[in-house]
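The structure under discussion appears below in the form of structure tokens.
The values are calculated or read from the model by the stated rules, or taken from the named source; none is laboratory data. Note that the structure is predicted; figures quoted are calculated from it, not measured. Here the Cβ positions follow ideal geometry from the backbone for every residue, glycine too, while neighbour counts run over all protein chains shown. Just so you know, the surface numbers come from the protein's heavy atoms only, side chains and all, with ligands and any DNA or RNA stripped out. Shrake-Rupley method; radii C 1.70, N 1.55, O 1.52, S 1.80 Å.
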Amino acid sequence: MQTFHTSYPKDKVNILLLENISKRAVKIFNQAGYANVKTVAGALSEDKLIEEIKNVHIIGIRSKTTITNKILEHAKKLKAIGCFCIGTNQVDLKNATEKGIAVFNAPFSNTRSVAELVIGCSILLIRKIVEKNKKAHEGLWFKEVKDSFELRGKTIGIVGYGNIGMQVSVLAEAMGMNVIYFDITKKLPLGNAQTKDTLQELLQEADIVSLHVPESNGTKNILNAETLPLVKQGAIIINYARGTVVDLDVLTTLIQSGHVGGAAIDVFPVEPEKNGDTFVSPLQNLPNVILTPHIGGSTEEAQENIGADVSSRLLGYLEQGITTGSFTIPELSLPPVEGAHRILHIHKNIPGVLSEINTVLSGNNINVLAQYLKTNERIGYVVLDINQKFTQENFALLKNVKGTLNARVLF
């Protein structure tokens, strides 16, 4: 891995990694010269995190840690947040943006792990293996063909045709299944998959419905008292997306009535904070139901890949100002310039900022080798490569430019 010299001493950079983030992430930071990496096994409460984050420059979290605005208010040194998972809904993105804090995630690294488990659960449920396994453990022998089917020739309906949905599509088709999908955004199908115009149309045709949508106001309880009864008699429901997208009480009723033939649920509206805590769900002890503790992406391979992916993004921002994949800072990807000094400037998206920055530079006889600006609706991001050392006096002037949120001299 290429390492970069930075103006800010690496031994003063504090990195905090929560929730058993892969050791590979720690190794990557250490190899880049960052020795102050603190790891915590679980999530932290808001009060504890407020205390911990005061001197932290980089924080890494997974899905159990919530970064609220109250926490961000105390994170005066924080430059970036790494979500070592797919989602970023556990971070107050609006306020992180307004404070000039970069937020990254790992949108691709555990897609295979989730997709494989979806196919595995599909086989277990369509063959009624869950019930047969339970009986065998109880010492009862139930060898029967009734209600036991092959995947081949069945139709899987994928709701949300993103990174994971597409992986499920490929694997399902390889198993001989017919693939249909519904997505609010037009997507090019893989293989022989066919798009459906409405969710209702998909539900009425699919033997197995697999959900792969993000958490949002538009996806909350998309399978509810109106939509769930539309599924075919005996259909299987699989949710490895977010806990808020299925009304579990309605699903419970339909399983008890026999209309839904089975379910595999990995995510829940309310989940325990840590291992060993009490877990309660209306789906417990129902026939042909698989309940797992949010482990869809929890494989050794996925966690290592996520550790490498997110830590590399964080280092790219910390050392070069690269924001590709950021949810908060406008995306820029820039190679280092030989013999130059690089300065980052994050500011409110208001008129005149770039002009004022250039006035400061020209007024101090500073020659700009390269200058890049990207904005979003709230903030602007400027990267400056200059051909001479930037003094503390110059930097102070730059930080006083109107609307400045964050400024750094990288090298």
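Count, please, the residues in the range 336-345 that happen to be modelled with pLDDT under 85 and either under 28 Å from the mean Cα position of the chain (by Cα) or within 18 Å of Arg313 (Cα to Cα) (or both). Break it down into steps so the answer makes sense when it comes.
So in the range 336-345, the residues modelled with pLDDT under 85 come out as 336-339.
With the extra rule that they be either under 28 Å from the mean Cα position of the chain (by Cα) or within 18 Å of Arg313 (Cα to Cα) (or both), the set shrinks to 336.
Residues in the range 336-345 being modelled with pLDDT under 85 and either under 28 Å from the mean Cα position of the chain (by Cα) or within 18 Å of Arg313 (Cα to Cα) (or both): 1 in total.
Would you mind finding the one in Val40, Val13, Val91 that is open to solvent by less than 20 Å² (accessible area, probe 1.4 Å) and either touching a Ser or Thr at 6+ places or on another chain (Cβ under 6 Å) or within 24 Å of Phe268 (Cβ to Cβ) (or both)? Before the answer, list the steps.
Numbers: Val40 fails: open to solvent by less than 20 Å² (accessible area, probe 1.4 Å); Val13 fails: either touching a Ser or Thr at 6+ places or on another chain (Cβ under 6 Å) or within 24 Å of Phe268 (Cβ to Cβ) (or both).
Being open to solvent by less than 20 Å² (accessible area, probe 1.4 Å) and either touching a Ser or Thr at 6+ places or on another chain (Cβ under 6 Å) or within 24 Å of Phe268 (Cβ to Cβ) (or both) holds for just one of Val40, Val13, Val91, which is Val91.
Can you name every residue in the range 56-79 that is more than 20 Å from Gly42 (Cβ to Cβ) and buried (at least 23 other Cβ atoms within 10 Å of the Cβ)?
Leu78
Pairs only if they're at least six apart or on different chains, beta carbon under 8 angstrom, first in the range 12-39 and more than 22 Å from Thr66 (Cα to Cα) and in contact (Cβ under 8 Å) with a residue 40 or more places away in the chain, second of a type in the set (Val, Ile, Thr) and surrounded by 21 or more Cβ atoms within 10 Å (Cβ to Cβ); list them, first residue then second.
The qualifying pairs are Val13/Ile58; Phe29/Ile15.
Quickly run through the range 313-343 and pick out the residues that are hydroxyl-bearing (Ser, Thr, Tyr) and touching a helix residue (DSSP H, G or I) at 6+ places or on another chain (Cβ under 7 Å).
Across the range 313-343, the qualifying residues are Thr323, Thr328.
Six or more apart or on different chains, Cβ under 6 Å: which pairs go from a residue in the range 169-188 that's of a type in the set (Lys, Arg) to one that's part of a loop (DSSP other than H, G, I, E, B)? Could you list them?
Lys187/Tyr161
Determine which member of the set Pro293, Pro336 is open to solvent by 50 Å² or more (accessible area, probe 1.4 Å), part of a loop (DSSP other than H, G, I, E, B) and within 23 Å of Val114 (Cβ to Cβ).
Numbers: Pro336 fails: within 23 Å of Val114 (Cβ to Cβ).
Criteria check complete, one pass: Pro293.
Looking at Phe142, Phe108, Phe104, which one is open to solvent by less than 30 Å² (accessible area, probe 1.4 Å) and aromatic (Phe, Trp, Tyr)? Lay out the reasoning, then the answer.
Numbers: Phe142 fails: open to solvent by less than 30 Å² (accessible area, probe 1.4 Å); Phe108 fails: open to solvent by less than 30 Å² (accessible area, probe 1.4 Å).
Checking each option against the conditions leaves just Phe104.
How about the range 148-234: which strands (runs of 3 or more DSSP E) wholly inside it have at least 1 residues that are in contact with a Leu (Cβ under 6 Å, 6 or more places away or on another chain)?
On the way: elements: 155-159, 178-182, 208-211.
Where strands (runs of 3 or more DSSP E) fall fully within the range 148-234 and carry at least 1 residues being in contact with a Leu (Cβ under 6 Å, 6 or more places away or on another chain), they are 155-159, 178-182.
Quick grid of which residues meet (1) under 20 Å from Asn95 (Cβ atoms); (2) hydrophobic (A, V, I, L, M, F, W, C); (3) under 35 Å from the mean Cα position of the chain (by Cα); (4) surrounded by fewer than 21 Cβ atoms within 10 Å (Cβ to Cβ):
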position: Leu332; (1), (2), (3), (4): no, yes, yes, yes
position: Ser355; (1), (2), (3), (4): no, no, no, yes
position: Tyr372; (1), (2), (3), (4): no, no, yes, yes
position: Leu397; (1), (2), (3), (4): no, yes, no, yes
position: Gly403; (1), (2), (3), (4): yes, no, yes, yes
